[in-house]
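Novice: Have a look at this one.
The values are calculated or read from the model by the stated rules, or taken from the named source; none is laboratory data. All of these numbers come straight from a predicted model, not from anything done at the bench. As a convention, Cβ positions derive from the backbone with ideal geometry for all residues, glycine included, and neighbour counts pool all protein chains shown. Note: areas computed on protein heavy atoms with side chains; ligands, DNA, RNA excluded. Shrake-Rupley method; radii C 1.70, N 1.55, O 1.52, S 1.80 Å.
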Amino acid sequence: MATLTYMPTEHVPVLASELIEFLDPDLDETAVDCTFGGGGHARLVGERLGAGGTLICIDRDPAAEQPFTELADELDCETRFIRANFADALVELAGEGMRTDLVYMDLGISSLQLDAAERGFSYTYDAPLDMRMDRGQELSAAEVVNEWPEDRLAGVIRAHGDERHARAIAREVVRRRPLETTADLVETIRAAVPPAYRFGRGHPAKRTFQAIRIAVNDELDSIDRALPAAWELLREGGRLAAISFHSLEDRRVKRFLADRARGCICPPELPVCRCGGEPEAEPLTRRALAATPEEIVRNPRAHSARLRVARKLHRGRPGDDERNGT
């Protein structure tokens, strides 16, 4: 069994002041941190909940348990750690009938996972092809790279990485199999793309590594399952926030919140509303908030971060219980 590398405790949370401003955590509230990571956001939220509050932290990575334990000892609020995929944990909590005031998620990969060279997430370190957020799962980057058919591999690189050279990269990967390390994969990508692309803006392997990581950890499906479960958890007046780092994530959050802020769901050809639907959500951020130039200087990884926050207005549109079979 692989030895776990514990995450370092120093962690710079992205868009932290904006998250706190719009979530507005208050005394005695219950909050769910869907992606604990190094605990930067959890600390700021937990400090505002007071002794009567509750902070539930979720992370699939076993290495998150140590920083959680250290943080829990410092907070006055009640704390709980759930080691699981955040979508699975949210579905379970909602099924238990729990209601919360705050749910927030910092999507994508933790910078602490990225900086752990042996985890294989980064193209800047030579490491085994792994990329698993939960090392207990079977699927790893090695299997994706070395066993998936060329068409499937190309499709993933194109869809999850928006990589225009996906076909050429997949073809070169198949030709060079087996690949054992991240350095092998980087070299393969460099050989597959045109010379101008190798030395252009950004690392030529960035999009492919992102795509493979998303596929290994089933990240997009997790978001699609997590958002409805998180919304179900919120009581009236509760707030949902999500920080995304690329368009595939942000598009899902934007669409989900927009659907609940829209109100009437009648077909547009009807002259009057018949569903009686009212908006379920009030957007607290009218557009996605980006990091300030000052934050990007302090933390360059914040440059692509986008934050969206909404408040829940009521439990759902008329007829939702019937459609959900309850």
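Novice: Using a 1.4 angstrom probe on the protein heavy atoms only, line up Val297, Val272, Val186 by accessible area, largest first.
Specialist: Final ranking, largest accessible area leading: Val297, Val272, Val186.
Novice: Related question: On the protein heavy atoms, probe 1.4 angstrom, tell me the percent of accessible surface of the chain carried by carbon and sulfur.
Specialist: Heavy-atom surface of the chain belonging to carbon and sulfur, 1.4 Å probe: 48 percent.
Novice: Once R0 is set to 56 Å, what does the formula 1/(1 + (r/R0)^6) return for the Cβ-Cβ distance between Glu294 and Cys266, expressed as a FRET efficiency to the nearest 0.05? Present the calculation step by step, with values, prior to reporting the outcome.
Specialist: Working: r = 46 Å, r/R0 = 0.82.
With a Förster radius of 56 Å, E is 0.75.
Novice: Let me ask something additional. With every protein chain in place, what's the accessible area of Leu257 (1.4 Å probe, Å², nearest 10)?
Specialist: Its heavy atoms expose roughly 20 Å² to the probe.
Novice: Apply the a/c threshold of 1.5 to the C-alpha gyration tensor of the range 30-108 and tell me whether it is rounded, prolate or oblate. Show your work: numbers first, answer last.
Specialist: Details: a/c = 1.68, a/b = 1.11, b/c = 1.52.
Judged from the Cα gyration tensor, the range 30-108 comes out oblate (a/c at least 1.5, b/c at or above a/b).
Novice: Multiplying the sequence separation of Thr69 and Arg286 by 0.36 nm and subtracting their Cα-Cα distance, what value in nm do you get?
Specialist: 74.5 nm is the gain from fully extending Thr69 to Arg286.
Novice: Placing +1 at every Lys and Arg Cβ and -1 at every Asp and Glu Cβ, with all other atoms neutral, what dipole size does the range 172-236 have around its Cα centre, in debye to the nearest 20? Display every interim value, and only then the final one.
Specialist: Values: 11 positive and 10 negative charges, 105 e Å.
Its charge dipole is roughly 500 debye.
Novice: If you place +1 on the Cβ of every Lys and Arg, -1 on the Cβ of every Asp and Glu, and leave all else neutral, what size is the dipole of the range 1-152 about its Cα centre, to the nearest 20 Debye? Let's see the in-between values first.
Specialist: Values: 10 positive and 32 negative charges, 44 e Å.
For the range 1-152, the charge dipole is close to 220 debye.
Novice: Here is a follow-up. Going by average Cβ neighbours within 10 Å, how do the peptides 39-50, 78-89, 187-198 rank, with the highest at the top?
Specialist: Peptide ranking by packing, descending: 39-50, 78-89, 187-198.
Novice: With +1 on each Lys and Arg Cβ and -1 on each Asp and Glu Cβ, how big is the dipole of the chain about its Cα centre, in debye rounded to the nearest 20?
Specialist: 1680
Novice: Continuing with this model, one more query. Determine, at each q value in 0.07, 0.10, 0.15 (inverse angstroms), the log₁₀ of I(q)/I(0) that the Debye formula gives when each Cα of the chain is one equal point scatterer.
Specialist: -0.31, -0.63, -1.24
Novice: Then there is this: Pulled fully out, how much extra length does the chain show between Arg99 and Ser17, if you take 0.36 nm times their separation in residues and subtract their Cα-Cα distance? Working shown, then result.
Specialist: Working: separation 82, 0.36 × 82 = 29.52 nm, distance 2.50 nm.
So the chain would gain 27.0 nm between Arg99 and Ser17.
Novice: May I ask you to rank Arg262, Arg207, Arg132 by accessible area, largest first, using a 1.4 Å probe over the protein chains only?
Specialist: Ranked list, largest accessible area first: Arg262, Arg207, Arg132.
Novice: Report the dimensions of the range 159-235 along its three principal axes from the alpha-carbon atoms, largest first, rounded to Å.
Specialist: Reported extents, whole Å, longest axis first: 54, 29, 19.
Novice: Under a crude label model (7 Å from the Cα following the beta-carbon direction), how far is Asp76 from His314 in nanometres?
Specialist: A separation of 3.7 nm, rounded to one decimal place.
Novice: Let me ask another. Going by alpha carbons, how many degrees (0 to 90, nearest 10) lie between the helix axis of 182-192 and the longest principal axis of the chain?
Specialist: 70
Novice: Using the heavy atoms of the protein chains alone and a 1.4 angstrom probe, what is the accessible area of the chain per residue in square angstrom?
Specialist: Solvent-accessible surface per residue comes out at 48 Å².
Novice: Would you mind giving the three semi-axes, in whole Å and largest first, of the ellipsoid equivalent to the range 50-198 according to its Cα gyration tensor?
Specialist: Equivalent-ellipsoid dimensions as semi-axes: 38, 17, 13 Å.
Novice: Need one number: % antiparallel among DSSP beta bridges in the chain, to the nearest 5.
Specialist: Values: 12 of 31 bridges.
Percent antiparallel among DSSP bridges in the chain is about 40.
Novice: Report the calculated FRET efficiency for Glu92 and Arg235 (r = Cβ-Cβ distance, R0 = 25 Å), to the nearest 0.05.
Specialist: E between Glu92 and Arg235, to the nearest 0.05, is 0.90.
Novice: Rounded to the nearest 10 degrees, what's the angle between the helix 166-176 long axis and the longest principal axis of the chain, both from Cα atoms, 0 to 90?
Specialist: On a 0 to 90 degree scale, this one is about 50.
Novice: A further question on this structure: Please determine, in degrees from 0 to 90 and to the nearest 10, the orientation of helix 65-74 with respect to the longest principal axis defined by the Cα atoms of the chain, where the helix direction is its Cα long axis.
Specialist: Taking the Cα atoms of the chain, the angle to 65-74 is about 40 degrees.
Novice: Specify which residue in the list Thr69, Trp231, Leu185 is farthest towards the positive end of the charge dipole of the chain, using unit charges on the beta carbon of Lys, Arg (+1) and Asp, Glu (-1), about the Cα centre.
Specialist: Leu185
Novice: Put Leu93, Leu114 in order of accessible area, largest first, 1.4 Å probe: what do you get?
Specialist: Highest to lowest solvent-accessible surface, that is Leu114, Leu93.
Novice: On to the next question. Rounded to the nearest 10 Å², what accessible area does Ser304 show when all protein chains are kept and the probe is 1.4 Å?
Specialist: About 40 Å², ignoring ligands and nucleic acids.
Novice: Provide the solvent-accessible area of Asp73, counting protein heavy atoms only and rolling a 1.4 Å probe, rounded to the nearest 10 Å².
Specialist: Rounded to the nearest 10, the figure is 130 Å².
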